[in-house]
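Take a look at the structure below.
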Amino acid sequence: MLDLDFKRTALVLIDLQCGIVRAFDGNTVVERAHRLIKRFRDHNGFIAFVNVDFHDGRDVLMPSCDAPTAPGQRPPDWGTLVPQLGFAAGDYLVTKRQWGAFFGTDLDLQLRRRGIDTIVLAGIATNIGVESTARQAFELGYTQYFVVDAMKTASQEAHDATVKFIFPRIGHVVDTATVAG
């Protein structure tokens, strides 16, 4: 099992919210994230839940691109964290309006104020929200552990590309058992 200094390490969970977990059939990711949460709670570790949600829809990213996200009506619980994760009073919620969890949020500020310099990262989607957050964290100087079996995206090929080509260049690739036992 990975020996973590829980005073300097945060668990950051990306987009484990009802709408995204449903869209990506992410129940296995939620189960593994729950194991990570338990380990961090058992050691009084800092847990940041990140969701993506929008104020009025006009704040959705819509730059010109070849494969834009299809606009549409989101169900009322789309941005709500999956209840099975057990969001608790001491947990921190970060609502982002783009792919990465650092840009336009106070996540970096909250981590630094607590002396956190290491991040354990998991969530959905591997090559979008998780990878964007990981790249931003790398640029901010955080040590990172990527719990790759507690991540998922639209295709195995896209997941594997991020795990093989991006994560090893900016952190450490691990699995749930390595972090949570």
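Results, tabulated for the structure shown:
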quantity: Length-normalised contact order of the chain in % [C-alpha pairs under 8 Å, at least 6 apart]; calculated: 30
quantity: Under-5 Å amide H pairs with residue 96, H placed in peptide plane, nonlocal only; calculated: 51, 52, 53
quantity: Approximate spin-label separation residue 41-residue 69, in nm, with each point projected 7 Å along Cα-to-Cβ; calculated: 2.9
quantity: In range of the label at residue 149: residues from region 1-27 whose backbone nitrogen is under 12 Å from the point 7 Å along Cα→Cβ; calculated: none
quantity: FRET efficiency estimate (nearest 0.05) - Cβ-Cβ, residue 59 to residue 5, R0 35 angstrom; calculated: 0.45
quantity: Simple spin-label estimate for residue 80 and residue 157 in nanometres, 7 Å along Cα-Cβ; calculated: 3.6
quantity: Cα centroid separation, region 119-155 to region 1-68 (Å); calculated: 9
quantity: Shape of the chain, Cα gyration tensor, a/c cut at 1.5; calculated: rounded
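Laboratory data are not the source of any read-out in this text; all were calculated from the coordinates shown. Owing to the predicted nature of the structure, the values given are computational and were not obtained by experimental measurement. Here the Cβ is made from the backbone with ideal geometry for all residues, glycine too, and neighbour counts use every protein chain on show.
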